[in-house]
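The values are calculated or read from the model by the stated rules, or taken from the named source; none is laboratory data. What you see is a predicted model, and the numbers here were worked out from it, not measured in a lab. Positions of Cβ are generated from backbone atoms using ideal geometry, with glycine treated the same way; all protein chains shown enter the neighbour counts. For the accessible areas, the whole protein counts, side chains as well, though only heavy atoms, and no ligand, DNA or RNA atoms are used. Shrake-Rupley method; radii C 1.70, N 1.55, O 1.52, S 1.80 Å.
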Amino acid sequence: MLNINNTKLNPININSLNTNKEILVQNEKFKTLYFEFENGKGLPNHTHNGYAAVYIVSGSVDMEFTSGEKFVLNQGDFLPFDARIEHNVIAKETSKIMVIISQPLS
């Protein structure tokens, strides 16, 4: 394991995770979470005080913003966005996703 500036670098294989939710990284700049959702499950309407991005590892999800935007995101899709806009993520089938959330804005 490599250690740079007191930060341990340790690759994570998403396919080896045996959980439906895991914090992969959390530091003073950002947090990265992994989720596995069954069809119809996901994250209800919510916000974060910052920016975020969603990456679809496998499956397909609906993502909606209360500002009116709606997206169907499929395997390989990546969507960065202003997470201060209320949004949700609901799986259309069993789906694995990674969510990156920035540090809170001041």
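Table for the structure above
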quantity: Accessible surface ranking that places the most exposed of Lys31, Lys8 first, with a 1.4 angstrom probe; calculated: Lys8, Lys31
quantity: Value of relative contact order over the chain, rounded to a whole percent, pairs C-alpha under 8 Å and six or more apart; calculated: 33 percent
quantity: Pairs beyond 22 Å (Cα-Cα), from Lys70/Lys92; Lys8/Lys96; Lys41/Lys70; Lys31/Lys96; Lys70/Lys96; calculated: Lys8/Lys96
quantity: Accessible area of Leu43 in the full protein assembly, 1.4 Å probe (Å², nearest 10); calculated: 40 Å²
quantity: Local electrostatic count, Val25, Cβ distance below 12 Å [Lys/Arg +1, Asp/Glu -1]; calculated: +1
quantity: Carbon plus sulfur fraction of accessible area for the chain, probe 1.4 Å, in percent; calculated: 48 percent
quantity: Solvent-accessible ranking of Ile100, Ile23, Ile56, largest area first, probe 1.4 Å; calculated: Ile23, Ile100, Ile56
quantity: Surface accessible to a 1.4 Å probe, His48 within the full protein complex, Å²; calculated: 50 Å²
quantity: For Met98, solvent-accessible area (1.4 Å; no DNA, RNA or ligand), Å²; calculated: 40 Å²
quantity: Residues Arg84 and Lys29, FRET efficiency given R0 of 25 Å [Cβ-Cβ distance, rounded to 0.05]; calculated: 0.90
quantity: Exposure rank, largest accessible area first [Ser16, Ser60, Ser102; 1.4 Å]; calculated: Ser16, Ser102, Ser60
